[in-house]
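Before any comments, here is the structure.
Just so it is clear, none of the values below were taken in a lab; they were calculated from the coordinates. Treat the numbers as computed from the prediction; the structure is a model and nothing was measured. Here the Cβ is made from the backbone with ideal geometry for all residues, glycine too, and neighbour counts use every protein chain on show.
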Amino acid sequence: MGLFSDVERMGLGNVNMDNVFKDEEKAGASKEEKEAVKAEKKEEDVLFDNSYKCPICDKEFKAKAIRTGRLKLLAQDDDLRPIYENHIDPLKYDAISCPHCGYTALTRYYRPVTTTQLRAIKQEYCANFKGIPEETPCMSYDGALLRHKLALVCAMKRNAKNSEKAYIFLKMAWLIRGKLEELPQDAAEREELKSEEQECIQKAYEGFQDAFSRESFPMCGMDEISVRYTMAVLAHEIGKPEEAVRMLASVLNSKVASRRIKDKALELKDIIKQEVMASKKK
């Protein structure tokens, strides 16, 4: 079963991819009681309805979004995937899909399109779209992945920049990783999901590599240093240590890179060095 088989079943043909905290608390509540309130925060507590107007069919609709300002950022993965408290993942809500015509794009790219793009989307996408299941109250990882795949198809139909398509692939890898973290270790689908994550990482690397030589910065909201570092992580993940080290060197030698990202680059460089040395001993 291919990565985009669920999208194809929606009539789009063969897709080729060579709880908000309550404002009021009990008066005199103890520290322990307050901590318990915090611990009970759920995904639906921080959801709200955001309003959009579809750039294709001009109809207005609402879509769920997360108030990230009410969530504590706990950490970041090596490839900068954000990890928030209580296993709440705002990434699941970043692909906006019109319930009327199906047009889908990431939040930062949900904006007016050109006449040529409009015609292509209507003829090559909307005309074949069979609808998408609504997910309430919270978005599942499967629902989020489906919407990101649709965003990728729409990006292809409107001939979007390679950086945008690479960014969608990167976010898909993050979503698959999030789903994997929720699954038991003996789940039958783990191996297939790991393979799909690697496929997305590979595609993200290829797209950013092409965009790096053709596009200007910022790219997908990232400056050049962030893109270089991200590409290094992706290169390492797909078994290209030399490319990874080359990108890391440019980050470490940069006069504008932050101490934080230099520390992350140095840490990854050391990991790659250890892996190379270990492989030579075999």
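In Å, what Kirkwood hydrodynamic radius results for segment 185-282 from the alpha-carbon pair distances?
Numbers: mean 1/r = 0.0682 Å⁻¹.
Taking the inverse mean of 1/r over all distinct Cα pairs, segment 185-282 comes out at 14.7 Å.
Quick one: what are the phi-derived ³J(HN,Hα) couplings along segment 111-123, Karplus 6.51/-1.76/1.60 with θ = phi - 60°, whole Hz, x for glycine and proline?
8, x, 10, 6, 4, 5, 5, 4, 4, 5, 5, 5, 7
What is the total of Lys pairs in segment 84-205 with C-alpha atoms under 12 Å apart, excluding same-chain pairs fewer than 8 positions apart?
The number of close lysine pairs in segment 84-205 is 9.
Report the Cα-based extents of the chain along its three principal axes, largest first, to the nearest Å.
62, 58, 43
Met277 versus Gln185, label points 7 Å from Cα toward the beta carbon: distance in nm?
According to this spin-label approximation, the distance is 2.9 nm.
Let's test this: bin the Cα-Cα distances of segment 151-206 at 5 Å from zero up to the farthest pair and state each bin's percent.
4, 21, 25, 19, 14, 9, 5, 2, 0
Need the list of aspartates and glutamates near Lys41 for cross-linking: C-alpha distance under 17 angstrom, and skip anything on the same chain fewer than eight residues off.
Asp23, Glu24, Glu25, Glu32, Glu33, Glu85, Asp89
Starting from the amide H of Ile96, placed 1.01 Å from N in the peptide plane, find each other amide H under 5 Å away whose residue is 5 or more places distant or on another chain.
Ala105, Leu106, Thr107
What is the distance, in nm, between label points placed 7 Å from the Cα along the Cα-to-Cβ direction at Arg260 and at Asn50?
Each label point is offset 7 Å from its Cα along the Cβ direction, giving 2.1 nm.
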